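Trainee: Below you will find the structure I want to go over with you.
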Amino acid sequence: MSFAEDVKNELCSYEPEKDADLAMKIEASCLLRMGGSLLLGMNGAIGIRLATANNAVARRLLGILKKQYALPTHVMVRQGLNLRKKNMYTLSVDPSQEGRSVLEDLALWPVTEQLPRPWLSSMEARRAFLRGAFLGGGSVNKPQSDYHLEFMTGNEHFAREIVHVLKLFHIHAGLTERKEEFVVYLKEGDAVTNCLQIMGAQSALMEFENVRIMKTVRNQINRQVNCETANLQKTVNAAVRQVKAIRIVDEHMGIEKLPEKLRIVARLRWEHPEASLKELEELMEGTLSKSGIGHRLKKIESMALTFDPLGLEEV
C-alpha cells in the first residue's frame, strides 16, 4: 500500500470536531467535484457516480450520503485483470428528483455553480474542503522521496479554489496543467506537513516528520563529512608539497645550510610529514604559531622553485 493510500485511509476515519454536518457535506461535495460524474435522466432527474480504487473512500462517501440524505446508492466492485491491478469501486446514485435535490444541496447542480463562499467561513469547513479534494483527486509522495503533494482535477476554476483555500492557511501552492488536467501542487516539506495536519492525517504527519528529520540529520552529517574530507585532503596536499620542497632544497644545497628559522621548521615537517599545521604548532610547544610555521614553509617552497621551477607542479 502506498503512502498516499495510507493518508486517504486515515482521512476517511476523521471525525470533524465542530459543525460536523456542514463539514461532511463540504467534504462530499469536494470529493465528488474532484472525481465524480453526473448521470442525467428523464424529466430533470439527475444522479451521480464515483469510481475509485480506494475502498475506504467509497465507504466514506457512501456513509455521508446515507447519513446526511438517506439517499439510495449502489456499489459495484470490479476486480483487476491481473495481480497488479487493483479493484475498482463504483458508487452510483441513479438519476431521480431526489438525487437532483441532493446535488443542488451539495452545490454540484447546476454544473456552473461553485462552492458557496459562506461554506468556507470556519476553519473546520476549510479543513473539510481540502480533505474532500484530496480524497477525490489527491496524491502525496512517500516521505523517503522528494516532497510532493498534489490535487488533480479537470476543473480549472475548482483548482484555483483549492489554491485559494490553501492560501487561507498561509500555504502557497503552484498550479500547472498536465494532460488536460489541472494540478495544484506543494513541493516544500513544511507546506506538505502543514497540509497533512490541516486535513487531519496526524499519523501520516508523524511518519512524514520522522523521516524528514532523519533525512535532515543525514544530510547534515554528509555535509560535515564532506567538508572534513575536503579539509583533510587540503592538509595532505599541502604537506606533500612541503615535503617535496624540502627534498629539493636538500638535494641542491642541503638542509643544514638553511637559516636556523627555516632549518627548524624544515626538520619538523620532514620528521612529521602527515601532521597538520596545528599539530606542528603543538610540537613546537608554543615557540612558534601555526601561521608562523606556514609562512616559513612557504619560503622553503619558493626557494625550491628557484632550484627546480617545475619540481612542485605534479604535487
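Computed from the coordinates by the stated procedures, all read-outs in this text should not be read as laboratory data. As the structure is a prediction and not an experimental result, all values here were calculated from the model. Note that we place each Cβ from the backbone using ideal geometry, even for glycine, and neighbour counts take in every protein chain shown.
Trainee: Residue by residue through the range 1-37, note down the ones that are touching a Leu at 6+ places or on another chain (Cβ under 9 Å) and either among the polar types (S, T, N, Q) or surrounded by fewer than 17 Cβ atoms within 10 Å (Cβ to Cβ) (or both).
Mentor: Across the range 1-37, the qualifying residues are S29, S37.
Trainee: Do you know which of the residues in the range 189-222 that are among the charged types (D, E, K, R) and surrounded by 14 or more Cβ atoms within 10 Å (Cβ to Cβ) is nearest to the chain's Cα centre (by Cα)?
Mentor: Residue satisfying both the conditions and the ranking: R212.
Trainee: Among the residues of the range 202-241, which ones are in contact (Cβ under 8 Å) with a residue 24 or more places away in the chain, farther than 30 Å from F3 by Cβ and of a type in the set (D, E, K, R)?
Mentor: R241
Trainee: Continuing with the same structure: For the range 242-290, enumerate the residues that are closer than 19 Å to N231 by Cα, in contact (Cβ under 8 Å) with a residue 12 or more places away in the chain and of a type outside the set (V, I, T).
Mentor: Q242, R269, P273, E274, A275, S276, L277, K278, L280, E281, K290
Trainee: Can you spot a residue in the range 187-196 that is in contact with a strand residue (DSSP E or B) (Cβ under 6 Å, 6 or more places away or on another chain), assigned to a helix (DSSP H, G or I), free of Cβ contacts under 8 Å to residues at least 60 places away in the same chain and of a type outside the set (F, W, Y)?
Mentor: yes
Trainee: Still on this structure: Among the listed residues S291, S302, S276, identify the single one that is surrounded by fewer than 16 Cβ atoms within 10 Å (Cβ to Cβ), of a type outside the set (D, E, K, R) and under 46 Å from the mean Cα position of the chain (by Cα).
Mentor: S291
Trainee: May I pose another question? Which pairs turn up if I take residues in the range 18-31 that are touching a residue at least 24 places away in the same chain (Cβ under 8 Å) and more than 19 Å from W109 (Cβ to Cβ) and look for partners that are assigned to a helix (DSSP H, G or I) and among the aliphatic types (A, V, I, L, M) with beta carbon separation below 8 Å, at least 6 apart in sequence or on another chain?
Mentor: D19/A125; A23/A125; A23/A128
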